[in-house]
Ligand SMILES: NC(=O)c1ccc[n+]([C@@H]2O[C@H](COP(=O)([O-])OP(=O)(O)OC[C@H]3O[C@@H](n4cnc5c(N)ncnc54)[C@H](O)[C@@H]3O)[C@@H](O)[C@H]2O)c1
C-alpha cells in the first residue's frame with residue numbers, strides 16, 4: 001500500500017519520546033517532512049538526526065503546547081520551514097498513576113493542560129490553514145483509559161474521553177474541507193529502552209510517574225497477561241496505525257477511535 005506521504009509535512013507534538021518518537025521516525029521513513037514539537041529539544045534533536053541520517057527531512061521546535069501563543073509561534077516556524085502542513089499528530093500526553101482521592105487541583109490543572117488544552121491549542125491554530133488548503137489529516141493519541149476508564153487514572157481517563165469526543169465533533173465540522181480527524185487509543189505501550197524517552201517522559205526513571213509501576217521483568221510479564229495478544233504494546237504498533245490514518249489510504253475514515261492495544265478493549269457491536 002502506498003501511503004503517499006512523500007513530500008508531505010507532518011507536525012508531531014511530543015515527537016521526541018517513546019510513542020511520539022516512533023511516529024516521527026515512521027513518518028520520516030515514509031518521506032514526510034517532520035516537525036518535532038517538544039519540551040525537550042535535546043531528545044527531539046536526536047530524533048531529527050536519526051531522520052536526517054536516514055535521508056529524510058526534520059526539524060525540532062522547542063514548544064510548550066499548553067500555551068496557545070507558543071503553539072502559534074511554532075506553527076509559523078513550521079510553515080516557514082516546509083510550507084503547507086498536511087498532517088497534525090496530537091501526541092503529547094501525561095499521567096501520574098494514583099487514586100482519585102490522592103489527587104488535588106494543582107494536579108488536575110496540569111493534567112487538563114497537557115492532555116486536553118494542548119489539543120485545543122493545536123486544533124485552533126492548524127485548522128484554518130488546513131481549511132484554506134482543502135486538505136488535512138489529524139490524528140490525536142487518546143488512550144484505552146478514555147474508552148473504558150482505568151484504575152488509578154481517573155482524571156486522565158476523563159480527559160482522554162474528552163479528546164475522543166472533541167476529535168469526533170471537529171471531524172463532523174471539517175469533513176467538508178477534506179480534513180479527517182481520528183484518534184488512536186493505545187493500551188500499555190512501553191519504550192524498548194531508556195534512550196528512547198525525553199527528560200520529562202512519563203517513562204523517565206526516578207520521576208515516579210508510570211514506569212515505577214512496572215519495574216521488574218516479572219511485573220511486566222504479569223501486565224502482558226491482561227492483553228489477549230499476550231504482550232504489551234511497543235511504540236511501532238502505534239506508529240503504524242498513525243501512519244495509515246495520516247495517509248490518503250485512510251481518506252474515507254474520519255471521526256473514529258481505533259484501539260491499538262492487543263485486544264485490551266473490544267468496543268462496538
Ligand atoms: N505509553 C503508554 O502506555 C500510553 C498508553 C495510552 C496512551 N498513551 C498516550 O500516548 C501519548 C504518548 O505517550 P508516551 O508514552 O510516548 O509519553 P512520553 O511521556 O514518553 O512522551 C511525551 C512527550 O511529550 C513531551 N511533552 C510533555 N509535555 C509537553 C508539553 N507541554 N509541550 C510539548 N511537549 C511536551 C515530552 O517531552 C515527551 O517527549 C500520550 O498522549 C499518552 O497519554 C500512552
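When you scan the stretch 22-32, do you find a residue that is within 13 Å of the ligand (Cβ to nearest atom) and more than 21 Å from residue 75 (Cβ to Cβ), even just one?
For the stretch 22-32, residues within 13 Å of the ligand (Cβ to nearest atom) and more than 21 Å from residue 75 (Cβ to Cβ): present.
Give just the number: which of (1) surrounded by 16 or more Cβ atoms within 10 Å (Cβ to Cβ); (2) farther than 21 Å from residue 182 by Cα does residue 156 not satisfy?
(2)
Among (1) part of a helix (DSSP H, G or I); (2) buried (at least 18 other Cβ atoms within 10 Å of the Cβ); (3) in contact with a helix residue (DSSP H, G or I) (Cβ under 8 Å, 6 or more places away or on another chain), where does residue 162 come up short?
Tallying (1) part of a helix (DSSP H, G or I); (2) buried (at least 18 other Cβ atoms within 10 Å of the Cβ); (3) in contact with a helix residue (DSSP H, G or I) (Cβ under 8 Å, 6 or more places away or on another chain), residue 162 fails exactly one: (2).
In the stretch 195-222, which residue that is modelled with pLDDT of 85 or more and either loosely packed, with under 11 Cβ neighbours inside 10 Å or assigned to a helix (DSSP H, G or I) (or both) is nearest to the ligand (Cβ to nearest atom)?
196
Could you please let me know if residue 112 is within 18 Å of residue 235 (Cβ to Cβ), buried (at least 16 other Cβ atoms within 10 Å of the Cβ) and away from the ligand (no atom under 11 Å from the Cβ)?
no
Is it the case that the stretch 2-9 has a residue that's buried (at least 24 other Cβ atoms within 10 Å of the Cβ), closer than 17 Å to residue 138 by Cβ and more than 15 Å from the ligand (Cβ to nearest atom)?
Among the residues of the stretch 2-9, at least one is buried (at least 24 other Cβ atoms within 10 Å of the Cβ), closer than 17 Å to residue 138 by Cβ and more than 15 Å from the ligand (Cβ to nearest atom), which makes the answer yes.
Cβ-Cβ below 8 Å, separation at least six or inter-chain, first residue in the stretch 126-153 and under 16 Å from residue 166 (Cα atoms) and away from the ligand (no atom under 16 Å from the Cβ), second part of a loop (DSSP other than H, G, I, E, B) and at pLDDT 95 or above: which pairs?
137/86; 137/246; 137/247
What number of residues within the stretch 20-47 are assigned to a helix (DSSP H, G or I), in contact with a strand residue (DSSP E or B) (Cβ under 6 Å, 6 or more places away or on another chain) and buried (at least 20 other Cβ atoms within 10 Å of the Cβ)?
Going through the stretch 20-47 one residue at a time, the tally reaches 7.
For the list (1) within 16 Å of the ligand (Cβ to nearest atom); (2) closer than 27 Å to residue 131 by Cβ; (3) assigned to a loop (DSSP other than H, G, I, E, B), I need the number of the one condition that residue 58 fails.
(3)
What do you reckon, is residue 167 closer than 26 Å to residue 25 by Cβ, within 15 Å of the ligand (Cβ to nearest atom), free of Cβ contacts under 8 Å to residues at least 12 places away in the same chain and part of a helix (DSSP H, G or I)?
Spelling it out, it is not the case that residue 167 is closer than 26 Å to residue 25 by Cβ, within 15 Å of the ligand (Cβ to nearest atom), free of Cβ contacts under 8 Å to residues at least 12 places away in the same chain and part of a helix (DSSP H, G or I).
With the condition kept exactly as written, say whether any residue in the stretch 229-248 is closer than 22 Å to residue 160 by Cα, crowded, with 16+ Cβ neighbours inside 10 Å, in contact (Cβ under 8 Å) with a residue 40 or more places away in the chain and over 18 Å from the mean Cα position of the chain (by Cα).
Looking through the stretch 229-248, none of the residues is closer than 22 Å to residue 160 by Cα, crowded, with 16+ Cβ neighbours inside 10 Å, in contact (Cβ under 8 Å) with a residue 40 or more places away in the chain and over 18 Å from the mean Cα position of the chain (by Cα).
Listed residues 12, 89, 97; which is more than 9 Å from the ligand (Cβ to nearest atom), touching a residue at least 60 places away in the same chain (Cβ under 8 Å), over 19 Å from residue 195 (Cβ atoms) and buried (at least 24 other Cβ atoms within 10 Å of the Cβ)?
89
Which condition number in (1) within 14 Å of the ligand (Cβ to nearest atom); (2) modelled with pLDDT of 95 or more is the one that residue 182 fails?
Residue 182 satisfies all of (1) within 14 Å of the ligand (Cβ to nearest atom); (2) modelled with pLDDT of 95 or more except (1).
The values are calculated or read from the model by the stated rules, or taken from the named source; none is laboratory data. Everything numeric in this text was worked out from a predicted model, so none of it was measured. Quick reminder, even Gly has a Cβ in these numbers, built from the backbone with ideal geometry, and neighbours come from all protein chains shown.
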